[in-house]
Amino acid sequence: MDIQENIVNKVAQSGLVSVDPASFYPPGERVVYDITDNLFHGLILKEKDFREFVKEHDWTQYAGKNVAITCSADAIVPTWAYMLLANRMAPYAREIVFGNIDTLETILFEKALTVLDVEQYRDKRIVIKGCGDVAVPNSAYIELTKKLTPVVKSLMFGEPCSTVPIYKRKD
């Protein structure tokens, strides 16, 4: 008897469908624009100087990039300053958000998941992949859970060979 005949792939036979959140990873380089660099002595924003900077700055460097605008200093920055930065970056940047790099990742994944067609997973047993080469924010796992729970038969986390149950529909 050939040993190959006795090997059975139970994972393949299980009917589990694996969903990899990393497959929704939005393209584009991530950068942080820290307005602290525009503050006088790291404390205040001088409107005249800031407007001159905005006028002269090369905004094309943000082309195709995902930008998080933030202020790492303990300073009061007027809202219009962030608006002005966003206005100048908008023709070039792929995405602009207010916050840090984690906020940027959260928003990028949320936007990517809004187009997910959950009907393709109706009445299926789903495993949301838990590890990979791409760092997926927890918010993406929560969003996937919210979207899939109403339509799937069951929802698990991990790998098909080792899962953690999250939800099972009562039939």
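The values are calculated or read from the model by the stated rules, or taken from the named source; none is laboratory data. Source: prediction; values computed, not measured. Methodologically, a virtual Cβ is constructed for each residue, glycine included, from the backbone with ideal geometry; neighbour enumeration extends over all protein chains shown. With ligands, DNA and RNA removed, areas are computed over all heavy atoms of the protein, side chains included. Shrake-Rupley method; radii C 1.70, N 1.55, O 1.52, S 1.80 Å.
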Item to check | Proximal charge balance of V134 [Cβ under 13 Å; K/R count +1, D/E count -1] | outcome: -1
Next on the checklist: Rounded to the nearest percent, how much of the accessible area of the chain (1.4 Å probe, protein heavy atoms only) is carbon and sulfur?
Outcome noted: 54
Next on the checklist: For the chain, what does the relative contact order come out to in percent, with C-alpha contacts under 8 Å and a separation of six or more?
Outcome noted: 25
Next on the checklist: What figure, in Å² to the nearest 10, do you get for the accessible area of T145 with a 1.4 Å probe and non-protein molecules left out?
Outcome noted: 40
Next on the checklist: Taking the full set of protein chains and a 1.4 angstrom probe, give the accessible area of V151 in square angstrom, rounded to the nearest 10.
Outcome noted: 10
Checklist outcome for this item: In the chain, taking the dipole from +1 charges on Lys and Arg beta carbons and -1 charges on Asp and Glu beta carbons about the Cα centre, the listed residue (V97, I142, F53) farthest towards the positive end is I142
Item to check | Residue order for R169, R125 - accessible surface, 1.4 angstrom probe, largest first | outcome: R125, R169
Next on the checklist: For the chain, set up a GNM with springs between Cα atoms under 10 Å and report which of S23, S139, S154 has the largest fluctuation.
Outcome noted: S23
Next on the checklist: Accessible area per residue for the chain in Å², computed with a 1.4 Å probe and the full protein assembly in place, what is it?
Outcome noted: 62
Checklist entry - Which of the lysines could be linked to K153 by a straight reach, that is with a Cα gap under 30 Å, when you skip same-chain ones fewer than 8 residues away? => result K10, K111, K124, K129, K168, K170
